[in-house]
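Student: Structure provided below as structure tokens; questions to follow.
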Amino acid sequence: MLERNRYERLFIGGEWVAPLDGAIVETTDPATGQPWATVAFGGPGDIDRAVAAAREAFEGPWRRMPGWERAVLLRRFADLYERRAGDMAVLESRDTGRPIRETRPDLGAHHRWYHWFASLADKLDGRTIPIDPSVHAYTERRPVGVVGAITPWNAPMLTTAWKVGPALAAGCTVVLKPAEQTPVTAFELARIVEEAGLPPGVLNVVPGLGHSTGAHLVAHPGVDKIAFTGEGRTAQEILRSGAATLKRFSFELGGKSPHIIFEDADFDQAMNAATSSAWVVCGQSCALGSRVLVQRSIYDRVVEAFQRRAARVRVGMPLDEATHMGPQAHAEQLDKTLSYIAIGQAEGATLAAGGRRLDQGQLAGGYFVEPTVFAGVDNRMRIAREEIFGPVASLIPFADEDEAVSIANDTRYGLTAGLWTRDTGRAHRVAGRIDAGMVWVNTYRYIRWSTPYGGVKASGWGRENGVEALDNYLDTRTTIVSTSGQFPDIYAQ
Ligand code: NDP
């Protein structure tokens with residue numbers, strides 16, 4: 001058993017092994033800027049070992065196991081995960097800086113994802129296709145093979161559940177490469193896999209650097225599919241390096257989601273949603289409602305409401321139960337957020353609240369920043385067009401429904417969108433006109449295991465969650481059986 005805060009072995013083929021060509025590195029607690037865990041990073045040789053183990057497990061027990069048996073193992077895993085969720089939440093707070101108020105309910109729900117995907121493991125039905133009595137044609141859904149899962153640092157275990165759950169239910173095996181800044185909970189996940197008795201090699205955990213370890217996984221000819229969450233530019237690199245092997249890809253990329261507040265909205269409910277969804281995860285969420293589109297008649301009231309609520313946000317240490325908002329997850333993200341705050345001011349937006357790094361007293365050394373509000377934002381400004389990934393809300397005025405839709409869709413992204421109105425007709429009309437994979441009406445960030453999630457345009461390919469998630473990990477095989485056994489001799493005459 002490994003000691004707490006020391007994760008110096010990779011999990012490959014069901015064994016804890018020292019890195020072959022990687023290293024032991026320190027990871028940083030973003031609340032203090034100090035090292036807090038030592039972890040094993042794998043190199044290309046470790047990826048080779050992990051892919052071989054995943055292949056063996058795929059060809060051996062896992063794909064051949066009846067779906068209901070895979071479901072039994074996944075349910076055992078989900079139950080253990082639920083029991084560990086409290087401890088895992090503390091580790092995820094240390095690793096990412098997210099407050100325990102967020103990580104506890106977040107990790108406390110992940111077992112539901114695993115249970116739900118377990119329940120699909122024996123329901124991978126095919127179809128029979130009627131043609132004529134001379135043939136019996138049917139399809140089967142077969143696992144694509146070995147999956148490389150590459151996950152980000154903002155919500156490491158949630159994004160992992162969205163990949164590992166459906167992949168294992170489908171009968172695939174997985175090599176997981178978590179983000180270099182937040183690998184710790186992935187080791188804990190491996191412990192649960194081990195304890196649940198999943199066959200060796202079904203899930204392998206090899207943290208490491210994206211440009212070497214991650215890139216080797218992507219290019220590996222033994223990997224059939226890459227499931228990725230992260231930045232669009234990285235997705236482009238992944239497409240290039242994976243092209244030679246023509247593997248499959250699914251991408252969950254960024255967003256610049258519009259959150260539209262019409263004048264007839266329930267004001268207080270809309271403000272609850274608009275403020276929290278602009279600052280949650282310290283702004284580091286792909287579904288962030290970062291562009292708040294406000295009807296002109298209520299614009300000043302909304303700016304005031306954002307200012308008042310920004311003043312109520314308690315920024316502090318992640319493990320303090322009172323803390324609403326922790327630090328940014330790493331130093332580069334802090335720099336990025338602060339640079340966009342400067343860009344917004346230079347572009348002429350009005351800094352209505354926040355905007356500063358917080359580094360006094362207990363927060364010294366950590367990557368804390370104030371919840372920030374820009375008013376008077378024009379959708380052409382960079383703060384309205386580019387993903388900041390910090391707690392920065394841009395309030396953009398609009399006149400009417402048409403202008404709201406036009407601003408909402410004037411973005412390269414299309415992940416999520418929200419709108420608030422009491423007019424049912426308008427709710428459906430506007431929802432139908434927005435280019436996004438997920439639209440919320442009179443709510444926001446409502447995400448569940450059973451509802452498909454993913455983007456259009458530059459926000460990604462494919463859907464995670466829902467039964468649609470299985471499509472990422474299954475191929476359709478068609479079999480046609482002649483009922484007569486007769487085949488004409490075309491050379492007879
Ligand atoms: P990345 O896209 O670089 O990182 C995501 C994952 O990809 C990490 O595991 C990373 O490893 C890995 N990776 C990086 N390069 C490669 C590669 N060439 N081949 C294979 N894997 C690779 O995101 P960043 O961490 O750099 O974040 C930058 C920005 O991306 C954020 O500011 C935000 O705008 C956006 N982002 C969006 C997320 C979302 O949920 N949609 C999540 C995270 C970021 P490593 O950590 O070692 O680099």
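The values are calculated or read from the model by the stated rules, or taken from the named source; none is laboratory data. The model shown is predicted, which means the values in this text are computed figures rather than measured ones. Cβ: placed from backbone, ideal geometry, glycine included. Neighbour counts: every protein chain shown. Surface areas here come from the heavy atoms of the whole protein model, side chains and all, with no ligands, DNA or RNA. Shrake-Rupley method; radii C 1.70, N 1.55, O 1.52, S 1.80 Å.
Student: With respect to Arg63, is the statement that it is assigned to a helix (DSSP H, G or I) and in contact with a Pro (Cβ under 6 Å, 6 or more places away or on another chain) true?
Tutor: The answer is yes for Arg63.
Student: Test of understanding: among Thr416, Thr411, Thr443, which residue is surrounded by fewer than 21 Cβ atoms within 10 Å (Cβ to Cβ) and touching a residue at least 12 places away in the same chain (Cβ under 8 Å)?
Tutor: Answer to the selection: Thr443.
Student: Can you name the condition, by its number, that Gly201 falls short on among (1) at negative phi; (2) more than 16 Å from the ligand (Cβ to nearest atom); (3) open to solvent by less than 50 Å² (accessible area, probe 1.4 Å)?
Tutor: (1)
Student: Give Gly43, Gly67, Gly60, Gly86 a once-over and let me know the one that is out of contact with any strand residue (DSSP E or B) (no Cβ under 6 Å at 6 or more places or on another chain), without any contact (Cβ under 8 Å) to a residue 40 or more places away in the chain and open to solvent by less than 50 Å² (accessible area, probe 1.4 Å).
Tutor: One residue alone meets the criteria, Gly86.
Student: Can you report the number of residues in segment 211-229 which are over 20 Å from Thr160 (Cβ atoms) and either more than 7 Å from the ligand (Cβ to nearest atom) or among the basic types (Lys, Arg) (or both)?
Tutor: 4
Student: Here's a follow-up. What pairs can you find where one residue is in segment 232-244 and over 17 Å from Leu415 (Cβ atoms) and hydroxyl-bearing (Ser, Thr, Tyr), the other is near the ligand (Cβ under 8 Å from one of its atoms) and modelled with pLDDT of 95 or more, and their Cβ atoms are less than 6 Å apart, with a gap of 6+ or different chains?
Tutor: Ser241/Ala215; Ser241/Val218
Student: Next question. Residue check, Arg127 against (1) free of Cβ contacts under 8 Å to residues at least 60 places away in the same chain; (2) open to solvent by less than 60 Å² (accessible area, probe 1.4 Å); (3) basic (Lys, Arg), all met but one. Which one?
Tutor: (2)
Student: State yes or no: is Gly425 open to solvent by less than 50 Å² (accessible area, probe 1.4 Å) and under 20 Å from the mean Cα position of the chain (by Cα)?
Tutor: no
Student: Between a residue in segment 166-195 that is more than 13 Å from Arg9 (Cα to Cα) and any residue that is of a type in the set (Asp, Glu) and within 16 Å of the ligand (Cβ to nearest atom), which pairs come within a Cβ distance under 6 Å, given they are 6 or more apart or on different chains?
Tutor: Qualifying pairs under 6 Å: Thr182/Asp95; Thr185/Glu92.
Student: Then there is this: Counting residues that are of a type in the set (S, T, N, Q) and within 30 Å of Pro130 (Cβ to Cβ), which strands (runs of 3 or more DSSP E) fully inside segment 377-490 reach at least 2?
Tutor: 474-482
Student: Please find, among Arg312, Arg357, the residue that is out of contact with any Phe, Trp or Tyr (no Cβ under 6 Å at 6 or more places or on another chain) and farther than 30 Å from Pro183 by Cα.
Tutor: None of the others qualify; the one that does is Arg312.
Student: Within 30 Å of Arg356 (Cβ to Cβ) and either β-branched (Val, Ile, Thr) or more than 16 Å from the ligand (Cβ to nearest atom) (or both) - does that describe any residue in segment 417-432?
Tutor: Taking every residue of segment 417-432 in turn, at least one turns out to be within 30 Å of Arg356 (Cβ to Cβ) and either β-branched (Val, Ile, Thr) or more than 16 Å from the ligand (Cβ to nearest atom) (or both).
Student: Among (1) within 16 Å of the ligand (Cβ to nearest atom); (2) open to solvent by less than 30 Å² (accessible area, probe 1.4 Å); (3) aromatic (Phe, Trp, Tyr), where does Phe398 come up short?
Tutor: Result: Phe398 passes all but (1).
Student: Separate question: Have a look at Ala352, Ala404, Ala329 and point out the one that is at pLDDT 95 or above, touching a Leu at 6+ places or on another chain (Cβ under 9 Å) and surrounded by 24 or more Cβ atoms within 10 Å (Cβ to Cβ).
Tutor: Of Ala352, Ala404, Ala329, the one residue that is at pLDDT 95 or above, touching a Leu at 6+ places or on another chain (Cβ under 9 Å) and surrounded by 24 or more Cβ atoms within 10 Å (Cβ to Cβ) is Ala404.
Student: Among the residues of segment 258-276, is any within 11 Å of the ligand (Cβ to nearest atom), modelled with pLDDT of 95 or more and polar (S, T, N, Q)?
Tutor: No, that holds for no residue.
Student: Right, something else. Find the strands (runs of 3 or more DSSP E) located wholly in segment 125-183 whose residues include 3 or more that are within 10 Å of the ligand (Cβ to nearest atom), and list them.
Tutor: Fully inside segment 125-183 and qualifying: 146-150.
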